[in-house]
Amino acid sequence: MTNEYIPAKVWTEDTNTGGTWASINRPTSGARHEQELPVGEHALQLYSMGTPNGQKVTIMLEELLALGVTEAEYDAYLIRIGDGDQFSSGFVAANPNSKIPVLVDHSVTPAINVFESGHILLYLAEKFGQLLPKELAQRTVAMNWLFWLQGSAPYLGGGFGHFYAYAPEKLEYPINRFTMEAKRQLDLLDKHLAENRYLAGDEYSIADIATWPWYGNLVLGNLYNAAEFLDVERYPNLLRWANEIAERDTVQRGRIVNRAWGEEWEQVPERHSKADIDQVLAKQPK
Ligand SMILES: N[C@@H](CCC(=O)N[C@@H](CS)C(=O)NCC(=O)O)C(=O)O
């Protein structure tokens, strides 16, 4: 391996790295343009995009609705991160970190802004008393895996996925480094799921809802087109779990919200009522 790059004494912004996300990246935070966020009729307002981090929250909201929690009705607005919508003054006021998803809860005054997808899941689980085991030991297992996911997925997305799928050049060193870590994570999940139906044992929880959009989608071939490269057949327990969760009606509904790419029957850019998803799913070939 050769390396002709010698870092400058001080890094400056004029370095153009190229690649899919280069045009929106800057080394500063804060709003870049003035624009308020739209607000719909429901108490819960979600500003997101159907990436794995976005899917976590829309799957959670669909799970809550399926459990009969009518207060979980929500409006979901599409934030086009490639166009820089996350840098509007309205979005930054709700989430100064400028990353989807962000949830605004208008059921209380003043409204509460909730950012970080793992925290949004916990906020909703606690608010509605659902999808988080009540008993301390099992709740702790669920929280272990929820925190694990939040800490681990960036190695999969920002590490493996970035260098395998998005970087302008295929670079051997980072692809090897992050493939090693991604496969270690897959092996860890596979071993845990050999002994457990769900991440927190026998109870489906926010730990599964956080993890499926990343590792479930990955092994099912829905993320980075990397299932063959990662030889996912080596993780049968993880595949069993991924397939079982993929079959849930709630997951099939939640995964297509705030999505504006792919097949016609998997695109619900905005969601304001149950019918918005029903109409799109009805187009799916039988
Ligand atoms: N730790 C955050 C990560 C959120 C995140 O990385 N969101 C990405 C899309 S998946 C994003 O908004 N990227 C836009 C940008 O980086 O400007 C969470 O879990 O909510």
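The values are calculated or read from the model by the stated rules, or taken from the named source; none is laboratory data. Given the structure is predicted, the values throughout are model-derived calculations rather than measurements. Don't worry about glycine lacking a Cβ; one is built from the backbone with ideal geometry, like all the others, and counts go over all protein chains shown. Heads up: the accessible areas ignore ligands, DNA and RNA and are worked out on the full protein's heavy atoms, side chains in. Shrake-Rupley method; radii C 1.70, N 1.55, O 1.52, S 1.80 Å.
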| message | Let me check I have the definition right: for the chain, take the eigenvalues of the Cα gyration tensor, multiply each by 5, take square roots. What are those semi-axes in whole Å, largest first? | response | 29, 26, 18
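As a test of understanding, state the convex hull volume per residue of region 136-255 from its alpha carbons, in Å³. Don't skip to the end; give the middle numbers.
Numbers: hull volume 11.6 nm³, N = 120.
Roughly 96 Å³ of hull volume per residue.
Go ahead and run the numbers for FRET between residue 99 and residue 286, Cβ-Cβ distance against an R0 of 35 Å, rounding to 0.05.
Numbers: r = 37 Å, r/R0 = 1.07.
Efficiency computed from Cβ-Cβ geometry: 0.40.
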| note | If every Lys and Arg gets +1 and every Asp and Glu gets -1 at its Cβ, then about the Cα centre the chain yields a dipole, in debye to the nearest 20, of 440
| residue 116-residue 263 pseudo-label distance in nm [points 7 Å out on the Cα-to-Cβ vector] | 3.7
| query | Residues of region 136-255: accessible area per residue at 1.4 Å, in Å²? | reply | 47
| request: At 20 Å minimum axial length over the Cα atoms and a Kyte-Doolittle cut of -1.0, report the qualifying DSSP H helices in the chain, or say none. | output: 52-66, 136-154, 172-195
| field | Sites excluded, GluC sites (Glu not before Pro) in DSSP loops with at most 12 other C-beta within 10 Å, longest stretch of the chain | value | 42-134
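Express the carbon and sulfur contribution to the solvent-accessible surface of region 136-255 as a percent, rounded to the nearest whole number, probe 1.4 angstrom.
Values: 2900 of 5630 Å².
Carbon and sulfur: 52 percent of the exposed surface of region 136-255.
Near residue 197, within a Cβ-to-Cβ distance under 11 Å, what is the net charge of the other residues, with Lys and Arg +1 and Asp and Glu -1?
Working: positive: 240; negative: 195, 202, 203, 208, 244.
Net local charge, residue 197 excluded: -4.
So for 51, 109, 12, 250, what's the accessible-area order with a 1.4 Å probe, most first? Please report the intermediate quantities before stating the final value.
On the way: 51 35, 109 140, 12 70, 250 15 Å².
Of 51, 109, 12, 250, the descending order of accessible area is 109, 12, 51, 250.
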| When the chain is treated as a GNM, springs tying every alpha-carbon pair under 10 Å, which of 204, 173, 74 comes out with the largest mean-square fluctuation? | 173
| Full extension from residue 41 to residue 270: what is 0.36 nm times the residue separation minus their Cα-Cα distance, to one decimal in nm? | 81.1 nm
| Hull surface divided by four, with the convex hull built on the Cα atoms of region 3-157: how many nm²? | 12.2
